[in-house]
Amino acid sequence: MDFSLQSHTSFIGRPVRDLPTPSLVLSKPVLERNINRLQQDVQELGLSFRPHVKTLKTLEITRLMLSNGLHRGLIVSTLSELRGVLPLAEEGILDEALYGLPIYPSALPHLHSMRKSHPNLNILLLIDSPQHIPIIESFNNSISDGISPWPVFIKLDVGSRRAGVDVYSPDSGPELEELVRAVEESSAVELYGFYCHAGHSYSAKGEEEAGRALGSEVSGVLRGVKLIKNRGGKKRKVVVSIGSTPTAHVVRQVKHLLAEEGNVNGDVDVDVEVHAGNYPTNDLQQLSTDLITPADLAVRVLAEVCSVYPRRNEALINAGTVALSKETSAVPGFGRLVERPEWGVVRMSQEHGILGLLSGGAGDGEGKKVEDVFHVGQKVMLHCQHACITAAQHFVYYVVDEEDVVRETWVPWKGW
């Protein structure tokens, strides 16, 4: 068993420098400020909001992201996360959960079981291929006691080339039209809406580029809305879900973008929903977009210097790939020292991280010689490149106040 799982509560009330290393540290004031900023934006715009729980995977942060029931739906990326949020459904502050991967056969029995045990929780599926329809139909037909249709989001690819129907290729129109028709004709599913994620926005630089990515989301989901046919003579409600953390930072542009599109389908009432996941924590990838500042980084990793090498002007810490991840961004290094951002993790292996000058300096000048900056046993704080992946490496999160005193410990959901 990891030491942190045995001992974490014993560190409550102690300064962060007393923690074992490596440890993941969360600043609760920063988390709350980041959450409140986006919540204020969506409320003032009159938009719905659906947080994604993939980053910190705990009841505590999920409750904060839902504003204790102000927002009623969320997104999960694992069955473990879905099981983890069930207590919120039991409390009556969670109504909907979207399983955020295109559906696959082995997940359906688990989703059905949770759907059956929690009938007040509406579990949504994500599809992006006509192949999904017969899989769902076959599963529904295998249930002896009957099953109601699954509400589905159709996932659209608006440029990230990860999942979804490509809506911007010249020949993609028939593919989306075929999928919408397959959903409409099946008794196993019912169309809930259209969903996209501008993953390519993570490489945006500044509000203008992030705004263009947001525009690709808005235009993409509305292409799906245009394909909806009137049934029974009354308007249908369709949810369009857009978002990523960078585009959420510029969500105030959404009203203008929607106005530019105009009324794309008079037979449909469109409910615009924003989703995001990384925004409470942020990370160096988000910092590289110039949409946040270092004060908005809520995650740090505490590590310890194990050795110092003056000849090559480097030091060794006990935070390597499995404590930080090997993600990179426009910000150099695999992690950056909080108090000395000119130093960072320049190389790593499984448990070893190599600290060096990120600028590539030769070691001359004040603060440039490793022996003048680091010593064995010194504890250092690092900002990470991708908070979602870094957090997944740790069994416990140490939650600190403004004075860097541990006030809570959170244990995340693990596995898939």
remark   = The correct count of residues that are touching a strand residue (DSSP E or B) at 6+ places or on another chain (Cβ under 7 Å) and not in a loop (DSSP other than H, G, I, E, B) in the range 318-332 is 3
ask   = Filtering the range 289-330 down to residues that are surrounded by 20 or more Cβ atoms within 10 Å (Cβ to Cβ) and of a type in the set (G, A, S), which residue is nearest to L31 (Cα to Cα)?
value = A298
key: Residue list for the range 28-40, restricted to those being open to solvent by less than 20 Å² (accessible area, probe 1.4 Å) and not aliphatic (A, V, I, L, M)   = N34
query = Looking only at residues in the range 236-252 that are out of contact with any Leu (no Cβ under 8 Å at 6 or more places or on another chain) and charged (D, E, K, R), which one is most open to solvent (accessible area, probe 1.4 Å)?
reply = K237
task = Restricting attention to strands (runs of 3 or more DSSP E) lying wholly within the range 212-317, give those where 2 or more residues are of a type in the set (K, R).
result = 236-242
task = Evaluate the range 185-198: report whether one residue or more is open to solvent by less than 10 Å² (accessible area, probe 1.4 Å) and part of a helix (DSSP H, G or I).
result = no
Conditions (1) open to solvent by 70 Å² or more (accessible area, probe 1.4 Å); (2) over 26 Å from the mean Cα position of the chain (by Cα): number failed by E351 = (2)
Single condition L214 does not satisfy, out of (1) open to solvent by 60 Å² or more (accessible area, probe 1.4 Å); (2) of a type outside the set (K, R); (3) in contact with a strand residue (DSSP E or B) (Cβ under 9 Å, 6 or more places away or on another chain) = (1)
task = Among the candidates V411, V399, single out the residue that is open to solvent by less than 20 Å² (accessible area, probe 1.4 Å) and in contact with a Leu (Cβ under 8 Å, 6 or more places away or on another chain).
result = V399
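The values are calculated or read from the model by the stated rules, or taken from the named source; none is laboratory data. Owing to the predicted nature of the structure, the values given are computational and were not obtained by experimental measurement. Here the Cβ is made from the backbone with ideal geometry for all residues, glycine too, and neighbour counts use every protein chain on show. We work out accessible area using only protein heavy atoms, side chains counted, and drop any ligands, DNA or RNA first. Shrake-Rupley method; radii C 1.70, N 1.55, O 1.52, S 1.80 Å.
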